[in-house]
Structures are given as C-alpha cells and as structure tokens.
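The values are calculated or read from the model by the stated rules, or taken from the named source; none is laboratory data. All values derive from a computational prediction rather than experimental measurement. All Cβ positions, glycine included, derive from the backbone under ideal geometry; neighbour counts span all protein chains shown. Calculation scope for accessible area: heavy atoms of the full protein, side chains included, ligands and nucleic acids excluded. Shrake-Rupley method; radii C 1.70, N 1.55, O 1.52, S 1.80 Å.
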Amino acid sequence: MLGKALKALEVPRNEYIVSTKCGRYKEGFDFSAERVTRSIDESLERLQLDYVDILQCHDIEFGSLDQIVTETIPALVKLKEAGKVKFIGITGLPLGIFSYILDRVPPGTVDVILSYCHYSINDNTLEDLLPYLKSKGVGIISASPLAMGLLTESGPPEWHPAPPELKLPVFLLGCMQAAASYCKEKGENISKLAMQYSLSNKEISTILVGMNSVKQVDENIAAAQELATVGKDEKTLTELESILKPVKNQTWPSGIQQS
C-alpha cells in the first residue's frame, strides 16, 4: 500500500524518508545474513523503490546478540555498500542491548537506534543513555511516547505487554487514572502533554508515535505546533510527574527483558 501511494504521489525520491525493518517475520525471528539480505529485496519490491533510507534490525533481544554483531550487521553493511540501504539501525526494548552492540562493532557502523517506552512522563530511563549514544555518533528514535496506550484517557489495550499488576489496578486505576483525571480538570489531554514532554528533549532526533486515524494525526500535529510556538505546560507536567512518581520507570518488570 505504501509503495502504491508513493508511486501515485510522484514526489521526488529525495524529499521523503522510508524506513523498514528486518529480522522479525510471520514465521518468527531470523537474523541470519541470508534472511535479512532476502528481506530487503522483498521490501524494495513491495515498496517499488531502489533503496530505503534506514534499515533497522528489529527487536534484537529476541535473538543472539553475538550473531547480530558477527553476522547480521556485517550483512547490513554489505547492503549499504550495494546502495540498497543508506543507514543501519537496531531496535529493541532493553536499553542494555544498545551498548552491547555498539561496543562490539566498528565506530560508525550503526547509524541509529530505536528505543521504545523509555522516554515518556512515566519512564525516562533512556535519558541516562543519551550521552553514551551521542559519544558514539548514533541517531536516536524514541518510540511510543504514550507508553503503548498507558498515557491515554482510555488506558492500555488488552495486548499491552506490561504485567497485569502494573496495568490493573495499581497502575491504571491508581496513578494513571489520577493523572488522566488531573489533566481533564485542567482542560488538558494527557496524551497531548505526554507527546509534548517527549518532543521537548532536543537530544532525541525523532519521536515516533502510532496513529490510526486522521483525527489522531491532526491532534499530534497540533501538539507539536503548540510546543513550538507556545511551549509546554510546565506546571501541569510537574504535577503529572508528581502523581506518577510512585510508579516511575515501572512500565516493565525491573531487570527483566522480553523473551
């Protein structure tokens, strides 16, 4: 669908950025050089493009990190040399995976990392890693500023991976409900404030947020424009952080990685 849309728009290729991922497929995870190489050819065919700007190795904690270092990333480097990819990235949830990889590959090999659910009002642990990433010359994409739906008035979807004790009742019906209610009392929307909180950190190159309607696109654009012209509501955000303090950085079980 994206390939058809880009072709129909007839926009010059250098005026937009396309990113895709490799390593995770319908049949499961496969970080072998053969599969990720085949993967980009499949993507380019579907996108009807000659190259993608960013190719990210996806959710690497589900595979062998040593394989990522010795096999997967060298394969991506070859794709970059072949002109099929401009920049190489890695993504995942546990923050420790990024330093593990970056410390074991030549400088400049990985251009960008994508971290999710670690830079938002309720969890800003990515902040501790920013100086390290900057020292490595790596671009930063922080995804899910709404913590996969936790920072919304409606609350998280059923598929949210946080354990039940964090979603219900302590997390959602306690602190999260109090935070959402406080925003309503102030005539604000918790999702807008959460977006502005994440967008405010200039050390983070890109904030990536999921949107499933034109309305949500318009709301997020308005939040970004308001931040740029008026600034963020410091007082309300401070109050939100105070309300969420009891569960700060507890979106995920402490010390446990996804597996």
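Examine region 24-34 for a residue that is under 14 Å from V112 (Cα atoms) and at pLDDT 95 or above, and state whether such a residue exists. There is no residue in region 24-34 that is under 14 Å from V112 (Cα atoms) and at pLDDT 95 or above.
Look at K192 and say whether it is open to solvent by 30 Å² or more (accessible area, probe 1.4 Å), without any contact (Cβ under 8 Å) to a residue 40 or more places away in the chain and either within 16 Å of the chain's Cα centre (by Cα) or over 30 Å from I54 (Cα atoms) (or both). The answer is no for K192.
For I113, the conditions (1) over 25 Å from T238 (Cβ atoms); (2) assigned to a helix (DSSP H, G or I); (3) open to solvent by less than 20 Å² (accessible area, probe 1.4 Å) all hold with the exception of (2).
Each row is one residue, and each column tells you yes or no for (1) acidic (D, E); (2) outside any helix (DSSP H, G or I); (3) at pLDDT 95 or above.
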position: A179; (1), (2), (3): no, no, no
position: Y182; (1), (2), (3): no, no, no
position: M195; (1), (2), (3): no, no, no
position: N220; (1), (2), (3): no, no, no
position: K232; (1), (2), (3): no, yes, no
position: E239; (1), (2), (3): yes, no, no
position: I243; (1), (2), (3): no, no, no
position: S254; (1), (2), (3): no, yes, no
position: S259; (1), (2), (3): no, yes, no
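Of the residues making up region 31-39, none is open to solvent by 40 Å² or more (accessible area, probe 1.4 Å), out of contact with any Lys or Arg (no Cβ under 7 Å at 6 or more places or on another chain) and not in a helix (DSSP H, G or I).
The residues in region 85-108 that are assigned to a loop (DSSP other than H, G, I, E, B), open to solvent by 20 Å² or more (accessible area, probe 1.4 Å) and touching a strand residue (DSSP E or B) at 6+ places or on another chain (Cβ under 7 Å) can be counted, and the count is 1. Count of region 199-222 residues, restricted to those that are among the small types (G, A, S) and free of Cβ contacts under 8 Å to residues at least 60 places away in the same chain, is 3.
Within region 20-30, if we keep just the residues that are farther than 19 Å from K78 by Cβ and under 21 Å from the mean Cα position of the chain (by Cα), the residue that is most open to solvent (accessible area, probe 1.4 Å) turns out to be K26.
Of all residues in region 46-84, exactly one satisfies the criterion of being surrounded by fewer than 19 Cβ atoms within 10 Å (Cβ to Cβ) and in a strand (DSSP E or B), namely D53.
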